[in-house]
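Inspection log for the structure reproduced underneath, given as structure tokens.
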Amino acid sequence: MSSAPPPDPQRPEPDRTGDGTDTHSAGDDAATSGTGTAPEQAAAGQEASAAAAGSGGTDVEGAQVRARRPVDTGSAPPAKPSRGALSVRDMLVAMGVIIVVAVLFTRSCSFSPGGPTIDPGSAPVVDAAARLQDAAPFTPFALHVPNVPDSWRANSVDSGPVQGGGHAVRVGYLTDGGAYVRLVQSDASEEDLVAIEAGGPQTATGTVDTAGLTWVTYRVGPRSEAMWVAQLPSADPPSRLLLTGSGTDADFRTLAQAAVDGRQLPVGRTPS
């Protein structure tokens, strides 16, 4: 009686994926290489500590964290005023400055239809008679010292040559009404004298008779201020008078009469 040989023991087939890779073995290898054993992890930590100690002992990751940490100054930032508060404050300051400037300006000058007026009390005052006496020895014609009203104030006296020939002596007055008028005495021609005193375009407008003289009238400058010029017929050497300024016709007539009636000083010499 014959017996059959026993069958071979069945071996388990490996679990393969579609590409023939043994997934069980690959997963085991990855887990083993990723986590490692405890002794291997301890050795890796010791190597990292040694590397940090060799580079100066600085924990780079900790330094970056500390650098990003905000610093507590202990005080909150100042609150910014609202735009409305700033606007109101700036407007009040600007208005205050404008008011101060306006007050300072109006103390010495105010507008009038005939020209600017000036407060005589705030303007400088000069002794016109004394200044004219000082100028007389150096003036080649006879100067007159005007006998103006007591309420008028002389605020300037000066003299100098006239372009085109001649010499001029000027006295400025502030009237009791606050207007400014100027008397010019000169031996220059009417054309040259008007040109230098006007300082710009001028237009003859006619004549006026007052103080025994015939005055040629002009309008000069952008404000069309008046200018009167007259020859002194008895003067030797010849000379003439010129009136100008922001005064009224009445002011001009008063100054013309004061100059004609004023004391006459001796003739001096031609300035060197």
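A simple spin-label model places pseudo-atoms 7 Å from Cα toward Cβ; at ASP192 and ILE99 they are separated by 5.6 nm.
Need one word for the range 183-272: rounded, prolate or oblate. Basis is the Cα gyration tensor (sqrt eigenvalues a ≥ b ≥ c); a/c below 1.5 gives rounded, then a/b vs b/c decides. Cα axes put the range 183-272 in the oblate bin. Over the range 217-271, Cα pairs under 8 Å with separation of 6+ residues give a relative contact order of 21 percent. Spin-label pair ASP209-ASP176: with each label point 7 Å from Cα along the Cα-Cβ axis, the two points sit 2.9 nm from one another. Quick one: which residues, 5 or more positions from THR210 or on another chain, have an amide H under 5 Å from its amide H? H modelled 1.01 Å from N in the peptide plane, none for Pro or chain starts. Residues meeting the criterion, in which the H sits 1.01 Å from N, are TRP215. As a fraction of the 1.4 Å probe accessible area of the range 120-272, surface on carbon and sulfur atoms comes out at 48 percent. If you take the Cα centroid of the range 257-272 and the Cα centroid of the range 182-243, the two points sit 17 Å apart.
Taking every C-alpha pair closer than 8 Å and separated by at least 6 residues, the mean separation divided by the residue count of the range 155-272 gives a relative contact order of 20 percent. Annotation: per residue accessible area for the range 189-267 equals 50 Å², rounded to a whole number [probe 1.4 Å, protein chains only]. In this Cβ point-charge picture (+1 for Lys and Arg, -1 for Asp and Glu), the range 122-272 has a dipole of about 160 debye about its Cα centre. Couplings 3J(HN,Hα) of the range 126-137, computed from phi: 10, 8, 5, 4, 5, 5, 5, 5, 5, 7, 4, x Hz, in residue order, whole Hz [Karplus 6.51 cos²θ - 1.76 cosθ + 1.60, θ = phi - 60°; x for Gly and Pro].
The values are calculated or read from the model by the stated rules, or taken from the named source; none is laboratory data. Nothing here was measured: the structure is a model prediction, and the numbers come from that model. Cβ atoms come from the backbone with ideal geometry, glycine included; neighbour counts cover every protein chain shown. Areas reflect the complete protein model, heavy atoms only, side chains present, ligands, DNA and RNA absent. Shrake-Rupley method; radii C 1.70, N 1.55, O 1.52, S 1.80 Å.
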